[in-house]
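A.B. asks: Okay, handing you the structure first.
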Amino acid sequence: MSVDCLFCRIIAGEFGTEFVAENDHAVAFRDIHPQAPVHVLVVPKQHVAAFRSRRELDADGMAGMFALIDEVAKREGIDQGGYRVVTNDGPDAGQTVFHLHWHVLGGTPLTGGFA
Ligand code: 5GP
Ligand code: ZN
């Protein structure tokens, strides 16, 4: 938990953000500025700054984070048609929140672009 980190504060429940799914290792909530009909962020509960730091997660944390992506896709009804999973690592990729998160995008055919 980092008090300076927006996503740590969301995970701690400070803003009353609704979680669309949660397990022991990660939470999922809707992006405030959706880029697709389904745009959910899957976020490890442990503070890890970015993809490049993912090895700070232990094996259970890593597996739990990816399992939650599966669960979100099923719950949102996009697991059959397909969906995009994106993470931005660093400023040049457009990362704005420095707590690792996966954008899960779908609900319409996604043509072009990466996010
Ligand atoms: P990044 O640009 O770091 O890859 O993604 C950060 C994402 O977090 C953006 O898509 C942005 O819309 C989303 N976001 C930023 N602040 C909040 C917030 O307070 N609540 C929610 N639900 N999403 C947020
Ligand atoms: Zn954090």
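A.B. asks: For the stretch 52-73, enumerate the residues that are without any contact (Cβ under 8 Å) to a residue 12 or more places away in the chain and more than 15 Å from the chain's Cα centre (by Cα).
C.D. replies: Within the stretch 52-73, Arg55, Glu56, Asp58, Ala59 qualify.
A.B. asks: From the list Gly107, Gly81, which residue is at negative phi and over 12 Å from the mean Cα position of the chain (by Cα)?
C.D. replies: On the way: Gly107 fails: at negative phi.
Answer to the check: Gly81.
A.B. asks: Okay, next question. Quickly run through the stretch 16-34 and pick out the residues that are open to solvent by 80 Å² or more (accessible area, probe 1.4 Å) and touching a helix residue (DSSP H, G or I) at 6+ places or on another chain (Cβ under 7 Å).
C.D. replies: Result: Asp24, single match.
A.B. asks: Which condition breaks for Gln46 when tested against (1) within 20 Å of Val97 (Cα to Cα); (2) open to solvent by less than 40 Å² (accessible area, probe 1.4 Å)?
C.D. replies: Of the numbered conditions (1) within 20 Å of Val97 (Cα to Cα); (2) open to solvent by less than 40 Å² (accessible area, probe 1.4 Å), the odd one out for Gln46 is (2).
A.B. asks: Could you list, in sequence order, all residues of the stretch 78-109 that are open to solvent by 60 Å² or more (accessible area, probe 1.4 Å), in a loop (DSSP other than H, G, I, E, B), touching a residue at least 24 places away in the same chain (Cβ under 8 Å) and more than 16 Å from ligand 2 (Cβ to nearest atom)?
C.D. replies: Gly81, Thr108
A.B. asks: Might you check whether a residue that is surrounded by fewer than 19 Cβ atoms within 10 Å (Cβ to Cβ), at negative phi and within 15 Å of ligand 2 (Cβ to nearest atom) occurs anywhere in the stretch 58-74?
C.D. replies: Yes, the stretch 58-74 has at least one match.
A.B. asks: Which count do you get for residues in the stretch 61-77 that are closer than 12 Å to Val40 by Cα and part of a loop (DSSP other than H, G, I, E, B)?
C.D. replies: Selection size over the stretch 61-77: 1.
A.B. asks: I need every pair where a residue in the stretch 13-41 that is closer than 18 Å to Met1 by Cα has its Cβ under 7 Å from the Cβ of a residue that is basic (Lys, Arg) and open to solvent by 40 Å² or more (accessible area, probe 1.4 Å), sequence separation at least 6 or different chains.
C.D. replies: From residues that are closer than 18 Å to Met1 by Cα, the pairs are Phe15/Arg9; His25/Lys45; Ala26/Lys45; Val27/Lys45.
To keep it simple, each residue is scored yes or no on (1) away from ligand 2 (no atom under 11 Å from the Cβ); (2) touching a Phe, Trp or Tyr at 6+ places or on another chain (Cβ under 7 Å); (3) modelled with pLDDT of 95 or more.
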{"position": "Glu14", "(1), (2), (3)": "yes, no, yes"}
{"position": "Val27", "(1), (2), (3)": "yes, yes, yes"}
{"position": "Arg30", "(1), (2), (3)": "yes, no, yes"}
{"position": "Ala36", "(1), (2), (3)": "yes, no, yes"}
{"position": "His39", "(1), (2), (3)": "yes, no, yes"}
{"position": "Val42", "(1), (2), (3)": "yes, yes, yes"}
{"position": "His47", "(1), (2), (3)": "no, no, yes"}
{"position": "Glu56", "(1), (2), (3)": "yes, no, yes"}
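The values are calculated or read from the model by the stated rules, or taken from the named source; none is laboratory data. Values in this document were obtained by computation on a predicted structure and should not be read as measured data. Note that we place each Cβ from the backbone using ideal geometry, even for glycine, and neighbour counts take in every protein chain shown. Note: areas computed on protein heavy atoms with side chains; ligands, DNA, RNA excluded. Shrake-Rupley method; radii C 1.70, N 1.55, O 1.52, S 1.80 Å.
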